[in-house]
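The values are calculated or read from the model by the stated rules, or taken from the named source; none is laboratory data. Just so it is clear, the structure is predicted and the values come from calculations on it, not from any experiment. Note that each Cβ is placed from the backbone with ideal geometry, even for glycine, and that neighbours are counted across all protein chains shown.
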Amino acid sequence: MKAVFPCSYYLPETAASLYLTDNIIHACAEQNLEVDLYTPTPTRAVPEGAKWKRYETDVDGKLRIHRFHLYGEGKNPILRALRYVIGEVMLLHYCIWKKYDVAFIDSTPPIQGLKMPLIKWLKRKPTVYNAQDIFPDSLVNNGLSKGGSLVWKIGRIVEKITYKYADKIIVISEDFKKNLLAKGVPEEKIVVVYNWVDQNAVVDIPREKNKLFEMYGLDRSKFYVTYNGNIGLSQNMDMLLSVAEELKTSNSDIHFVLVGTGAYLDEVKRMVAERNIDNVHILPFQPYEDISHVFSLGDASLVISKPGTGSASVPSKTWSIMSASRPVLANFDENELKSILEDNSCGIFTKAGDKEEFKKSILTLYLNRELCKEYGKNGRQFVLNNLTREVGTQKYVDVIKSVVKD
């Protein structure tokens, strides 16, 4: 059996979910599926010194990575959009002209789903769609579009085509499943597979051995609350900085570390400098091999969003926080994340935008270090019981195999 993976991004590029793709293709190859992954040459946040080749093989030749040349992403929106289009045309070319038994289509960018009717009509091959995001809902949630706008209408057309022609749709939460069911997607098409964490790659690094403290001059005696990931418009950085500013005066031992990049990063840096919020430290995105150091940096770690932007998802960083034996401080829309944290005693949930309760949750863990450690241990156990790489990738392999008829 041969599977094709057309991907707009792949390692050594830096993005939150690329490890999932890498884990999936390796699991497929290790179970005797031949895998061909096609992707443009790396451009997005490639770590300095990263090495890659235009053609690579792994797993005794069963896994093959094909990279085609494409200019860098850059910041010009027109050139970025053009790059998307050119990249999608190239990926479609491989989907049409190469031989395979099943196509695995990711949801980034959302127009990837438009390949599926052509694959059905011209190749007569099954497809599996990996819905890591729900478009155009996410644009509305992030304030980038409005329901009923032209962009939203185009997005809905793309979404309908995608769901219609997918043989199976993998979603990352029960809330995502409910969203699709409400849009008329047949339940038998939908499979829920939570994003996992590589429990062996994300582990607790004791503070005295965490190299990031020396690298960035952080005082090991402080109580740190960390945020790791995209620093964008929907993460409610304004509220977070306001809380940090208030705690700076009342509890000088509590510090915040933001690790990542995003559209709102420059504005966050400006506010921190202008308001002299010196208990906030901003670190650049770190390479994947240092992921344990990143998620072990704080005493507790954040999952945060503006109201109305996170109702349909559980951010995958949640599992990395737990895997590193750290408690989750969530200020988020109420969804299954709340029940996971409360039912398993691995963090504190407060409603998105509730600044006072959020601040109280930080102080609760600051004032009760044993509770903080206990929540961290419980989170690690939850990961080992439910969210290991082996469990997650096996579900993907099973779904991919299930759509191929003998």
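One table, with the values for the structure above:
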{"quantity": "All positions within region 366-405 that are hydroxyl-bearing (Ser, Thr, Tyr) and over 20 Å from the mean Cα position of the chain (by Cα)", "calculated": "366, 375, 402"}
{"quantity": "Sole residue being hydroxyl-bearing (Ser, Thr, Tyr), in contact with a Ser or Thr (Cβ under 9 Å, 6 or more places away or on another chain), touching a residue at least 24 places away in the same chain (Cβ under 8 Å) and farther than 26 Å from residue 284 by Cα, chosen from 129, 84", "calculated": "129"}
{"quantity": "Contacts under 6 angstrom Cβ, first residue in region 44-64 being within 14 Å of residue 10 (Cα to Cα), partner surrounded by 14 or more Cβ atoms within 10 Å (Cβ to Cβ) and of a type in the set (D, E, K, R), 6 or more apart", "calculated": "44/13; 44/73; 46/13; 54/67; 64/36"}
{"quantity": "Given (1) among the aliphatic types (A, V, I, L, M); (2) out of contact with any strand residue (DSSP E or B) (no Cβ under 8 Å at 6 or more places or on another chain); (3) under 18 Å from residue 45 (Cβ atoms), index of the condition residue 283 fails", "calculated": "(2)"}
{"quantity": "Yes/no for residue 289 being under 20 Å from the mean Cα position of the chain (by Cα), over 25 Å from residue 141 (Cβ atoms) and without any contact (Cβ under 8 Å) to a residue 12 or more places away in the chain", "calculated": "yes"}
{"quantity": "Matching residues in region 263-318 - criterion: being in a loop (DSSP other than H, G, I, E, B) and of a type in the set (Val, Ile, Thr)", "calculated": "277, 309, 314"}
{"quantity": "From 59, 35, residue being hydrophobic (A, V, I, L, M, F, W, C), in contact with an Asp or Glu (Cβ under 7 Å, 6 or more places away or on another chain) and modelled with pLDDT of 95 or more", "calculated": "59"}
{"quantity": "Any hit, region 40-54, residues being under 23 Å from residue 135 (Cβ atoms), modelled with pLDDT of 95 or more and either part of a helix (DSSP H, G or I) or more than 25 Å from the chain's Cα centre (by Cα) (or both)", "calculated": "no"}
{"quantity": "Boolean, residue 336 is under 18 Å from the mean Cα position of the chain (by Cα) and acidic (Asp, Glu)", "calculated": "yes"}
